[in-house]
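Undergrad: Sharing a structure below in structure tokens format, with a few things to ask.
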Amino acid sequence: MSIASPASPQSPPADLAEAPGHDGAEAAARTRGRRIDLLVAAVSLLGAVWVTGALWSDPLHRASGVNSGDQAFFEWLLSYGAYALTNGADPLFTHLLNVPDGVNLAVNTSVSVYAFLFAPLTILAGPAITFLVILTLNLAATAYAWYWLFQRHLGANRLGAALGGLFCGFAPAMISHANAHLNWTAQWVVPLIIARCLLLVRRDKPVRDGALLGLLIAVCFSLAGEALFFTALALGVFTLVWALARRAEAAALLRKVLAGLGSGAVVAGVLLAYPLYLHFAGPQRYHGTGFDPKVHNEDLAAFAAWPERSLAGALGLNTDLAANPTEENSFFGAPLLLLVIVGIVLLWRRAARPQRVNLAAVAVTAGVFALLSLGPELRWLGRLTGVWMPEALIGGLPVFNAALPSRLALIVAPAFGLVVAWLATALTSRDAESGVGVRVPGPRAAWAAAFALALLPLIPTPLLARDRAPVPEFFTTGQWREYVADGGTVVPVPITNDLLPDGQRWQAAALADAAGPGDSVFRLPAGFFLGPGGPNGTGRIGPIPRPTQTLLETIAKTGVVPPLTDADRTALRDDLRYWNASIVVLADDVHGAHWPTYQPALKSAMTQLLGDPRRVSDVWLWQVH
């Protein structure tokens with residue numbers, strides 16, 4: 001008697017290994033399996049709607065409660081992608097932001113695949129609706145994709161796969177990044193990449209499987225290049241451990257694997273040639289994020305803590321150990337950690353040697369990424385300890401320096417989900433000959449309680465949402481065209497950045513509306529994006545601020561208008577000339593992503609600098625001569 005265990009890399013997947021049955025029992029089993037598949041898909045979708053429910057209550061006037069700036073950025077990307085598709089514009093470089101230098105979207109998260117696929121919805125309903133649809137589908141598809149991978153390719157039964165897949169899809173890190181990160185929540189593509197790698201070594205179609213792998217790599221690069229990098233590293237660690245333990249089998253597979261990888265490299269290389277050129281050699285590129293790895297590293301205590309948006313968090317059991325609410329990349333809770341450790345020990349003791357190798361490779365991969373996520377210096381309970389960590393050796397290397405250390409913990413969640421799936425399978429599978437359950441230490445009720453204690457506290461609660469003003473009719477009706485010449489710039493008050501995203505939302509609405517070929521769209525100074533200008537040649541959010549941007553942001557944040565001088569007026573005129581400004585616009589409601597803003601103070605300051613404004617539609621407007 002043996003436990004159900006992961007298929008070895010050279011074993012055929014379940015769908016290829018099993019011959020089709022012809023009797024009624026097998027037909028009934030297949031029907032029951034399809035019903036379970038549909039049930040898991042329905043639970044995944046309902047869970048996604050539950051998590052995003054506060055946004056669905058009013059999509060056009062609600063935004064992420066903790067990350068509305070990133071939401072505005074992704075809405076802009078969706079609108080720009082639709083505009084580029086219908087107008088033949090470059091989808092990966094634009095001069096509509098950051099006048100006059102432009103923005104390299106290849107070194108940002110362009111989500112071009114989503115922008116193109118959902119362009120009709122964006123044009124019809126607007127980017128806010130498209131954003132929310134994609135976010136919801138991301139969560140649901142990720143949960144189901146992991147379920148599919150665990151059940152179809154990695155030896156878990158449907159119950160185990162459902163527990164593991166739903167955990168992966170709604171893990172604390174996924175819920176944390178669901179605060180407006182369309183890139184990190186698009187993890188459904190990772191199980192597809194893993195499945196294609198498994199098929200590459202399990203059957204003799206390396207060119208075909210490699211080509212499909214290359215296509216998936218190109219899709220993943222578009223949606224989340226950092227996630228693709230982490231996935232490649234994780235598969236590399238797993239493969240190294242497996243190959244060292246099973247050298248003869250690895251050597252026999254080498255030729256086929258190299259052929260498949262070569263095919264994949266050709267396909268991915270063709271599809272990604274231009275994006276990779278822009279990323280590494282194009283204008284407005286940067287090397288390294290510029291974020292401090294000693295701030296964006298995982299706290300060791302966070303692995304045993306519970307996340308904020310969970311049942312445990314709702315009971316006040318969460319701890320403030322993340323850099324910000326969107327980066328709770330571990331937060332598994334002590335009961336789940338204990339369950340996973342016990343599960344690894346139990347599976348190891350009952351598995352045959354080939355399955356032990358797979359289990360060891362999964363455990364080592366999780367351990368390596370958990371260790372690296374701690375960054376260059378160990379943090380414990382919110383404080384740096386001065387203890388050196390291995391990430392310090394690689395954090396400054398090319399590509400590695402563009403990744404936040406704490407996000408390496410995102411690899412740990414799927415590894416934990418797989419262990420949960422295997423353990424549940426071992427506890428519920430029946431012996432093929434005797435039909436009795438597999439024996440495990442302790443009563444089944446105790447195991448059920450252990451699973452409940454580990455997983456129920458992590459059930460997510462809905463994301464926080466906040467009100468935000470609609471885009472002014474001045475922009476949604478196209479009235480701006482009467483005041484802005486082709487190639488002209490609209491200067492929002494205050495100047496757009498990650499903390500003050502209104503201007504980019506205005507432009508997103510204009511982009512979605514400019515569906516016809518040849519339609520023009522106004523430009524914006526600055527903006528929310530990643531570009532050059534950080535310390536030591538690294539990146540930064542937005543350009544280095546010009547004097548007017550700094551002045552207006554300070555007024556927006558404090559509500560205090562300093563004494564304005566002729567030097568301030570001269571600086572404003574220079575900035576307007578630099579931006580090729582046509583009009584300066586102030587809305588009635590100024591949205592601050594992280595703090596309240598003071599619109600009357602901004603209006604007073606601009607009146608002192610440029611004179612009395614005109615009221616046009618629902619905005620205050622200054623024309624630039």
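Undergrad: Can you list the residues, at least 5 places off or on another chain, whose amide H is less than 5 Å from the amide H of Gly65, using H built in the peptide plane?
TA: Leu464, Ala465, Arg466
Undergrad: To the nearest 20 debye, what is the magnitude of the charge dipole of segment 487-610 about its Cα centre, counting +1 on the Cβ of each Lys and Arg and -1 on the Cβ of each Asp and Glu?
TA: 240 debye
Undergrad: Each residue of segment 523-530 in turn: what ³J(HN,Hα) in whole Hz from Karplus with 6.51, -1.76, 1.60 and θ = phi - 60°, glycine and Pro shown as x?
TA: Once θ is set to phi - 60°, the couplings for segment 523-530 become 9, 10, x, 6, x, 9, 6, 9 Hz.
Undergrad: Using Cα atoms only, what is the angle between the long axis of helix 566-578 and the major principal axis of the chain, expressed in degrees (0 to 90) to the nearest 10?
TA: Taking Cα atoms only, the helix is inclined about 60 degrees.
Undergrad: How far is the Cα center of segment 47-111 from the Cα center of segment 561-594, in Å?
TA: When both Cα centres are located, 25 Å separates them.
Undergrad: Taking only Cα atoms, what is the 0 to 90° angle, nearest 10, from helix 599-610's long axis to the longest principal axis of the chain?
TA: Roughly 40 degrees between the two axes.
Undergrad: Mind checking which lysines have their C-alpha under 17 Å from Lys603, skipping anything on the same chain fewer than 8 residues away?
TA: Within the straight-line limit of under 17 Å, Lys603 reaches these lysines: Lys557.
Undergrad: Under a 5 Å amide H to amide H cut-off, with H placed in plane at 1.01 Å, what residues pair with Glu298 once short-range neighbours are removed?
TA: When sequence neighbours closer than 5 places are left aside, the close amide H contacts are Leu374, Gly375, Ser406.
Undergrad: Place +1 on the Cβ of every Lys and Arg and -1 on the Cβ of every Asp and Glu in the chain, take the dipole about the Cα centre, and give the residue among Leu124, Leu182, Ala28 whose Cα lies farthest towards its positive end.
TA: Of Leu124, Leu182, Ala28, it is Ala28.
Undergrad: For Lys256, go through the aspartates and glutamates and keep the ones whose alpha-carbon is under 15 Å away, minus same-chain ones fewer than eight residues off.
TA: The qualifying aspartates and glutamates are Asp204, Asp209.
Undergrad: For segment 173-250, max minus min Cα coordinate along each principal axis, in Å, sorted largest first?
TA: Principal-axis extents of the Cα atoms in segment 173-250, largest first: 46, 27, 15 Å.
Undergrad: Now, a different point. Starting from 0 in steps of 10 Å, tell me what percent of the Cα-Cα pairs of the chain lands in each bin.
TA: Taking all Cα pairs of the chain, the binned fractions are 3, 15, 25, 25, 17, 9, 5, 2, 0, 0 percent.
Undergrad: What percent does the relative contact order of the chain come to when contacts are Cα pairs within less than 8 Å and at least six residues apart? Each step should come with its number before you reach the end.
TA: Details: 1160 pairs, mean separation 123.1, N = 625.
Reported relative contact order: 20 percent.
Undergrad: Here is a further query. How far, in degrees from 0 to 90, does helix 24-51 lean away from the longest principal axis of the Cα atoms of the chain, to the nearest 10?
TA: Its long axis makes an angle of about 30 degrees.
Undergrad: Over the Cα atoms of segment 470-623, compute the convex hull volume and normalise it per residue, giving Å³.
TA: Hull volume over Cα atoms, normalised by residue count, gives 122 Å³.
Undergrad: Report the convex hull volume per residue for segment 263-360, counting only C-alpha atoms, in Å³.
TA: Value for segment 263-360: 191 Å³ per residue.
Undergrad: If N is the number of residues in segment 206-301, what value comes out of its Cα radius of gyration divided by 2.2 N^0.38 Å? Don't jump to the answer; show the numbers that get you there.
TA: Working: Rg = 16.9 Å, N = 96, 2.2 N^0.38 = 12.5 Å.
Rg over 2.2 N^0.38 Å, computed on Cα atoms: 1.36.
Undergrad: Hey, another quick one. Please list 3J(HN,Hα) in residue order for segment 107-119, calculated via the Karplus relation 6.51 cos²θ - 1.76 cosθ + 1.60 where θ = phi - 60°; whole Hz, with x for glycine and proline.
TA: For segment 107-119, the Karplus curve yields 8, 9, 9, 6, 6, 4, 4, 5, 4, 6, 5, 9, 4 Hz.
Undergrad: Taking the Cα centre of the chain as origin and charging only Cβ (+1 Lys, Arg; -1 Asp, Glu), how large is the dipole, in debye to the nearest 20?
TA: With only Lys, Arg, Asp and Glu charged at Cβ, the dipole is about 2100 debye.
Undergrad: Would you kindly calculate the translational diffusion coefficient of segment 324-390, applying Stokes-Einstein with the Kirkwood radius from alpha carbon pairs, for 4 °C and a viscosity of 1.567 mPa s, and quote it in µm² s⁻¹ without decimals?
TA: 92 µm²/s
Undergrad: Take the Cα gyration tensor of segment 578-624, multiply each eigenvalue by 5, square-root it, and list the three semi-axes largest first, rounded to whole angstrom.
TA: With the √(5λ) rule applied to segment 578-624, the semi-axes are 19, 13, 11 Å.
Undergrad: Give the long-range amide H neighbours of His287: residues separated by 5 or more places, or on another chain, with amide H under 5 Å away, using H modelled in the peptide plane at 1.01 Å from N.
TA: For His287, whose amide H was placed from the backbone, the distant partners under 5 Å are Gly539.
Every number here is computed from the coordinates shown, using simple stated rules; none is lab data. All figures in this text were calculated on a predicted structure; none of them were measured in a lab. Heads up, the Cβs are rebuilt from the backbone with ideal geometry, glycines too, and the neighbour counts pull from every protein chain shown.
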